[in-house]
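Heads up: the structure comes next, in structure tokens.
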Amino acid sequence: MNSISDYDGETLVKVSRTVVTEYLKTGKKITPSDEIRARFSFNSGVFVTLNKDRDLRGCIGFPTPDRKLYQSLVSASIASATEDPRFPPVEYDELDKISFEVTVLTPPEIIKVQDPSEYLSAIKVGRDGLVVRWEFGAGLLLPQVPVEYGWNVEEFLSHTCQKAGAPQDWWKQRSTVISKFEGIVFKETKPRGSITRVNL
């Protein structure tokens, strides 16, 4: 994970934009070049986030390393632009106003605690993303989200419960399973602009 260089991150964001542009223009899902496939042939979770005028325009990804990174990147890029149920599909003409962000994930690990209050010291804002699982579903928030909103750990847990469709305080239930992961984030500074590594 830590071996992902700034150049790699720049490449991932550029590939994401290229894939979405081609898909919205022609309806075709392009296959990355041999070089890209070779470089990103390790299994990894990944999320693609689209922002327009600082507002979220789409965010979809794969939390677990079930597929090779280049495969997950292509699928997540197209899905974030066309399948996020919270938004209408992105139009081709919008792409000049949308900035792309790619987050490469470490595998989620279940946080083992004796008492739910221990979650507050086991989770670090600015490092960890969270997955909350309960009997009726699961929800995930990326590590950059609590930083952007200025949440503390308890607020982060509450909002992740909400994302899972659970009551806000459901992280206090012993039956709830909470996992954490880390992410390496790269994003365009503006639509089609330079690409930087985000230090959370």
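The values are calculated or read from the model by the stated rules, or taken from the named source; none is laboratory data. In this text, all values refer to a predicted model and were calculated from it rather than measured experimentally. Positions of Cβ are generated from backbone atoms using ideal geometry, with glycine treated the same way; all protein chains shown enter the neighbour counts.
Here are a few things to note about the model shown:
- Identity of the residue in the stretch 92-116, over 12 Å from the mean Cα position of the chain (by Cα) and hydroxyl-bearing (Ser, Thr, Tyr), that ends up surrounded by the fewest Cβ atoms within 10 Å (Cβ to Cβ): TYR92
The rows are residues; the columns are (1) over 25 Å from PHE186 (Cα atoms); (2) surrounded by 13 or more Cβ atoms within 10 Å (Cβ to Cβ); (3) of a type in the set (Val, Ile, Thr).
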residue	(1), (2), (3)
LEU130	no, yes, no
ARG133	yes, yes, no
GLN144	no, yes, no
TYR149	no, no, no
LEU157	no, yes, no
THR160	no, yes, yes
ALA166	yes, yes, no
GLN173	yes, yes, no
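- Per this entry, PRO88 is counted among residues that are part of a loop (DSSP other than H, G, I, E, B), farther than 15 Å from ASP8 by Cα and free of Cβ contacts under 8 Å to residues at least 40 places away in the same chain.
- Yes/no for ILE4 being of a type in the set (Val, Ile, Thr), under 19 Å from the mean Cα position of the chain (by Cα) and within 17 Å of PHE186 (Cβ to Cβ): yes
- Hits in the stretch 18-56 - residues which are without any contact (Cβ under 8 Å) to a residue 24 or more places away in the chain, under 21 Å from LYS190 (Cα atoms) and in a loop (DSSP other than H, G, I, E, B): ARG54
- Among the residues of the stretch 33-86, not one is of a type in the set (Ser, Thr, Tyr), out of contact with any strand residue (DSSP E or B) (no Cβ under 7 Å at 6 or more places or on another chain) and farther than 16 Å from GLU22 by Cβ.
- VAL15 being outside the structural domain of VAL131 (by TED's automatic domain parsing), among the hydrophobic types (A, V, I, L, M, F, W, C) and not in a helix (DSSP H, G or I): no
- The single residue among TYR119, TYR149 that is more than 18 Å from the chain's Cα centre (by Cα) and modelled with pLDDT of 95 or more turns out to be TYR119.
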